[in-house]
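Structure first, commentary second.
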Amino acid sequence: TDTDYLGAGTTPTANLVSRSGNVGRFKPYQFAASAISLTPFCSVSTAFNYFSKDFTAAATLTAQNQQLATTQNYAGVFAKLSSAGYSFKARDTVTSTNLTSRMQTSSLSGTWSSGLLTSSASINLARAAAPDGPYSATKVGLVVTDTDSVALRSSDLTFDSDGNGSNDALLYGQSAFYFGRLRLDDAFGPETANLAVSFQVDYWTGSIWSRTTADSCTTIATSAIAYPAGAINVVGNSTVTVGAGSSVGTYTSLAGSAVNFSTGDAGHYFTAPGSGKTGSFSVEVDLSSYAWLRFDWNADGNYSNETTLPTARYTFGTYRGHDRILLWQDASVP
């Protein structure tokens, strides 16, 4: 009664050739996985990720019939595997900690074509409310099920994600996961020498914060680093007035529009302004785009809500003490 019987269409020409739309039901038997990979945020020396920092997991899925041939019609409207059918898993094998509840998906790409899907996911493990870890051997995996309950073939399930003794997921790979933070310290010294600055990436070791020496991958955009004249992505803003002189903020690797860190350190310093040219200035760093490097600097109990580092203060014209003085203390202070 809708004048479009079996999708034949409403025009006389379509009705005359008696051609209907597709009729019936179709689904494959299983999905086979291949070209499986996990690309961590950094793998220069140790493969690791920071909590809340995206990394990439990829795999090719092939829809197969019961004879293991590719069901090439699994595409378009016949492909019933949507993003809702993906479930990412994570478990640390050293501490036997199930981390699946902290898996987050930032993006998922891939389109079925002739029964094949090259899938790429940008995912991360969310930070906990307080620093935890490190998790040094965390396996990351995948479970897929389409709306017809088609799932991965059993031979692809090589990861026991819930630790119950039975493999239940496809294994992408393994990586370490760290709770990280970015730190920029104050500094002072004589105006006749370069002023070394501690600008580094730390991770929580389980008991203390330590520089992430495995990190030669972090980059901070120059647009996020502000000297007194403004963000240093603007030519000239890296030069700071100090008294009657000036100092230039310098980094070991300043490439294009970003400061590159090596073994967790930016190699930051300010050049000496010269004898008699003294003064102070401040530097700020915006962490709006770096959620994985935030810290509870204001001690309010929230480790992720501060979008800027504490303002760092630099002073030229303050000198080191005498070699023979071990301790200098105000006598009025108990």
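The values are calculated or read from the model by the stated rules, or taken from the named source; none is laboratory data. This is a predicted model, so every value here is computed, not measured. All Cβ positions, glycine included, derive from the backbone under ideal geometry; neighbour counts span all protein chains shown. All accessible areas refer to the heavy atoms of the entire protein, side chains included, with ligands and DNA or RNA removed. Shrake-Rupley method; radii C 1.70, N 1.55, O 1.52, S 1.80 Å.
Mind counting the residues in the stretch 54-79 that are within 26 Å of ASP92 (Cβ to Cβ) and either polar (S, T, N, Q) or open to solvent by less than 40 Å² (accessible area, probe 1.4 Å) (or both)?
Taking the stretch 54-79 first, the residues within 26 Å of ASP92 (Cβ to Cβ) are 54-59.
Among the residues that remain, those that are also either polar (S, T, N, Q) or open to solvent by less than 40 Å² (accessible area, probe 1.4 Å) (or both) are: 55-59.
Number of matching residues: 5.
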The number of residues in the stretch 154-182 that are outside any loop (DSSP other than H, G, I, E, B), more than 27 Å from GLN66 (Cα to Cα) and open to solvent by 50 Å² or more (accessible area, probe 1.4 Å) is 1
Conditions (1) assigned to a strand (DSSP E or B); (2) open to solvent by less than 50 Å² (accessible area, probe 1.4 Å); (3) in contact with a Phe, Trp or Tyr (Cβ under 7 Å, 6 or more places away or on another chain); (4) not β-branched (Val, Ile, Thr) -> ARG127 fails only (1)
The residue that is nearest to the chain's Cα centre (by Cα), considering only those in the stretch 240-258 that are assigned to a loop (DSSP other than H, G, I, E, B) and surrounded by 13 or more Cβ atoms within 10 Å (Cβ to Cβ), is SER253
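Only one residue in THR311, THR307 is open to solvent by 50 Å² or more (accessible area, probe 1.4 Å), closer than 18 Å to SER198 by Cβ, at pLDDT 95 or above and out of contact with any Pro (no Cβ under 8 Å at 6 or more places or on another chain). Which one? Reasoning before the result, please.
Working: THR307 fails: closer than 18 Å to SER198 by Cβ.
From the options THR311, THR307, the qualifying one is THR311.
Determine, yes or no, whether GLY133 is of a type outside the set (Lys, Arg), in a loop (DSSP other than H, G, I, E, B), out of contact with any helix residue (DSSP H, G or I) (no Cβ under 9 Å at 6 or more places or on another chain) and open to solvent by less than 30 Å² (accessible area, probe 1.4 Å). Give the derivation first.
Working: of a type outside the set (Lys, Arg): yes; in a loop (DSSP other than H, G, I, E, B): yes; out of contact with any helix residue (DSSP H, G or I) (no Cβ under 9 Å at 6 or more places or on another chain): yes; open to solvent by less than 30 Å² (accessible area, probe 1.4 Å): yes.
The answer is yes for GLY133.
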